[in-house]
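Worksheet: one structure, shown below.
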Amino acid sequence: MAELATIARPYAEALFKASAGEDARTLADQLETLGQVAGHAQLRQFADSPKVSAEQVFELVVGVARLNLSPKVANLLRTVIENGRLYALPEIAAHYRAQVNAATGVFDARITSAFPLDAGQLADVVATLEKRFGRKLNASVSVDESLIGGIRVEVGDEVLDTSVKARLEQMKAALTH
């Protein structure tokens, strides 16, 4: 969706330039949460109603997100709502996070594990992954028992899947061809 990216990029760049000196990761997390809220169809339907003011939409989004927003993120949210671009908020969040990652040299890693990882295990996994991917990683972990064992890691567009489920799928493909 090139058009959505074209709409989202200037908002993300403006926030990035305005947020110099602030904790960019915190702002990225706030923006991501707002993007998840804005992604709900019912909320967007409410926001598109001509009977609803921009302030009512703002209050609803912030209320659902349950965040103490940074003034800069709040201003961005108001601007997005006033310009009728609430639908672009998830894409704005993605562009902003990409800019933060590029500026800090730290990349997001989504780790999916078959079992919960304690702090020590996570530290070991992250250290190993940083060597493997050759960059600093900011890891988020989720549990998916369907993996049976092992982990699946996504860093940008790279995927490392060492799960039992993936290995079984590979064996199935090899046997059926």
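The values are calculated or read from the model by the stated rules, or taken from the named source; none is laboratory data. None of the values given here were measured: they were computed from a predicted structure. All Cβ positions, glycine included, derive from the backbone under ideal geometry; neighbour counts span all protein chains shown. Side chains are part of the model used for accessible areas, which takes the heavy atoms of the whole protein and leaves out ligands, DNA and RNA. Shrake-Rupley method; radii C 1.70, N 1.55, O 1.52, S 1.80 Å.
Observations, loosely collected:
- Label-to-label distance, V164 versus V141, with points set 7 angstrom from Cα along the beta-carbon direction: 1.9 nm.
- Short-range pairs are left out: with C-alpha atoms under 8 Å and at least six residues apart, the relative contact order of the range 124-167 is 27 percent.
- Modelled spin labels at E13 and A123, positioned 7 Å past Cα toward Cβ, are 4.1 nm from each other.
- Between the listed residues V125, V155, A103, the Cα displaced farthest toward the positive end of the dipole of the range 87-166, a dipole computed from Cβ unit charges relative to the Cα centre, is found at A103.
- For the range 16-67, projected area of the alpha-carbon convex hull averaged over all directions, nm²: 4.1 nm²
- Area accessible to solvent at K136, 1.4 Å probe radius, in Å²: 120 Å²
- Of interest is the spacing of the C-alpha centroids, which for the range 93-116 and the range 126-170 amounts to 13 Å.
- Beyond 31 Å in Cα-Cα separation lie the following of the pairs K17/K51; K72/K136; K72/K131: K17/K51; K72/K131.
- Take every DSSP beta bridge whose two residues both sit in the range 87-177; close to 55 percent of them are antiparallel.
- For the chain, calculated [θ]222 nm from helices alone, where every DSSP H run of n ≥ 4 adds -39500 (n - 2.57): -19500 deg cm²/dmol
- Dipole of the range 1-44 [Lys/Arg +1, Asp/Glu -1 at C-beta], most positive-end residue of V37, A14, L4: L4
- Karplus-derived 3J(HN,Hα), 6.51/-1.76/1.60, for each residue of the range 131-146, Hz, glycine and proline x: 5, 5, 8, x, 7, 6, 10, 10, 8, 10, 10, 10, 10, 9, 5, 5
- Within the listed set L117, L77, L34, the residue fluctuating most in the Gaussian network model of the chain (springs between alpha-carbon atoms under 10 angstrom) is L117.
- The value given for the range 134-177 is a Kirkwood hydrodynamic radius of 12.0 Å, derived from the mean inverse Cα-Cα separation.
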